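Visitor: Quick one: this structure, given as structure tokens, is what I'll be asking you about.
Each value in this text was obtained by applying a stated rule to the coordinates, not by laboratory testing. Remember, it's a predicted structure, so these values are computed and weren't measured experimentally. Note: ideal-geometry Cβ built from the backbone for every residue, glycine included; neighbour counts use all protein chains shown.
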Amino acid sequence: MELLERYLQAVGEHLPARGRQDTLAELRANLEAEIEGREDAAGRPLTEAEVAQVLEAHGMPVLVAARYGPQHFLIGPQLFPFYWYTLKRSFPWLLAAYAVVQLVHAILESSSGPDLGQQIGAAAGHFPGVALTFWGVMTLGFAAFEYAQGRYIPKLALPKWSVRDLPPLETGEKRPSMVNGIADLIVSVLMIVWLLAVPNHPYLIIGPGAKMVHGMPFGVTPEWHVFYWQIIGLLIAMLPLKVAMLLPPLRRVRGWLQLAVNGMGILILVVMVQVRSFFVAGNEISAENLRSLAGINAGITLGFKVALAISVVKFLWDLWKEITADRNRHTSYATVR
Amino acid sequence: MGPTIKDGVNGTGGQGGNELFDSLRLELRRGCLILAVLAQLRAEHYGYTLRKSLAEAGLEIEESTLYPLLRRLETQGLLTSEWREEERRNKRFYRLSAEGERILGLLLAEWNGINESVTRIVAGEEAVVGDGIAVGER
């Protein structure tokens with residue numbers, strides 16, 4: 001019976017200390033009865049090979065011991081769908097936040113630090129580590145919640161929900177893409193950062209030509225800071241609206257949020273149209289350059305006026321479509337009821 | 001002794017088919033095993049004799065599945081157990097508790113309901129298949 005003793009010892013190594021002796025005593029009684037049953041059937045004592053066969057059929061010690069313990073999991077089946085949903089939903093946000101932070105850092109450091117391309121490459125190389133850390137923290141958070149519920153906090157109760165709160169049926173309309181929305185948000189943030197950086201880093205707008213600006217016979221109007229800050233303010237005000245457009249609970253009002261963003265875009269054009277003179281003459285300017293300057297200002301203003309007219313027409317068209325779609329949704333809902 | 005239900009690969013149809021069958025079969029057996037164990041423990045047994053009596057009734061269960069299951073059912077209050085000496089050996093005897101009796105009654109009612117429904121569904125399908133052949137033969 002040395003094999004049986006060795007087997008029980010191996011199983012015992014993987015059993016929790018609490019109740020170990022009790023479990024091993026029961027296992028011993030059952031295995032001895034099994035061996036005796038076979039001996040009775042054979043009419044002779046079992047050989048060592050036959051005893052080994054009985055024990056091997058019973059299972060690998062670590063697996064046998066595991067079956068006596070409680071079921072182990074980091075995140076249980078009830079919590080797992082929420083964990084997975086949170087991971088899936090938060091990953092694009094992590095990517096967006098990381099991209100914005102790294103790109104802003106790269107732009108601000110590009111004049112003194114390493115090459116912009118090198119910085120972007122390094123940031124991309126570090127992302128897997130950041131994503132892994134994020135995944136680990138999320139998993140640990142959910143595992144801690146799983147452990148605590150029922151012990152220290154009440155068990156997770158499913159939130160009350162109603163089918164009537166679900167987003168309206170998207171018929172015929174292309175579902176807005178989350179990736180496009182996040183890309184739009186990133187571009188908007190970068191645009192603001194770029195505009196904020198331009199006054200101190202003129203090369204960001206005209207590249208190496210910035211050094212030649214000082215020798216030019218005309219310059220930017222001294223009132224630039226008025227419309228500049230108005231535009232920055234409007235662009236920043238757009239950001240919360242663009243974030244809201246990405247939130248699933250606000251999907252039903254996405255069309256109206258988009259209209260609000262477009263409306264702010266129109267306000268930017270209104271500001272630009274009101275400027276009229278973008279460039280003013282310097283102290284030593286020829287009559288020919290003065291005429292050219294007037295032409296440039298008039299051309300820019302005309303361009304903004306045309307853009308404003310097109311944007312207003314498009315805005316009114318979108319507004320009409322949204323009102324019609326809203327009315328149709330209410331009509332079809334009433335019909336279903 | 002009737003046909004025996006035992007662990008292992010049955011049927012034909014490649015390794016993937018066998019794996020799928022084994023996994024579905026395991027799922028199907030899981031609840032049935034608990035029902036059979038509870039029903040068998042209306043009379044007192046210890047692990048080895050319980051396994052033998054279930055096997056004789058046509059339901060073979062691996063020791064490594066049955067023995068931990070007994071402990072779990074006891075923890076859940078469905079079984080009671082006591083250590084007693086029999087044939088010069090200490091053995092742990094299990095039997096159904098009062099709560100176990102109640103739960104077994106409910107489970108058996110559920111089992112019979114499911115069994116009748118599945119039988120009706122399968123019989124209905126066979127009738128439909130039979131009608132289809134009859135129509136095709138006309």
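Visitor: Between the range A:267-322 and the range A:116-151, what is the C-alpha centre distance in whole Å?
Guide: 47 Å
Visitor: Taking N as the number of residues in the range A:216-337, what value does Rg over Cα atoms divided by 2.2 N^0.38 Å take?
Guide: 1.53
Visitor: Let me ask something else about it. Arranged by the count of other C-beta atoms within 10 angstrom, fewest first, what order do B:87, B:56, A:322 take?
Guide: Least to most surrounded, the residues fall as B:87, B:56, A:322.
Visitor: How would you rank A:242, B:91, A:155, going from fewest to most other Cβ atoms within 10 Å of each one's own Cβ?
Guide: A:155, A:242, B:91
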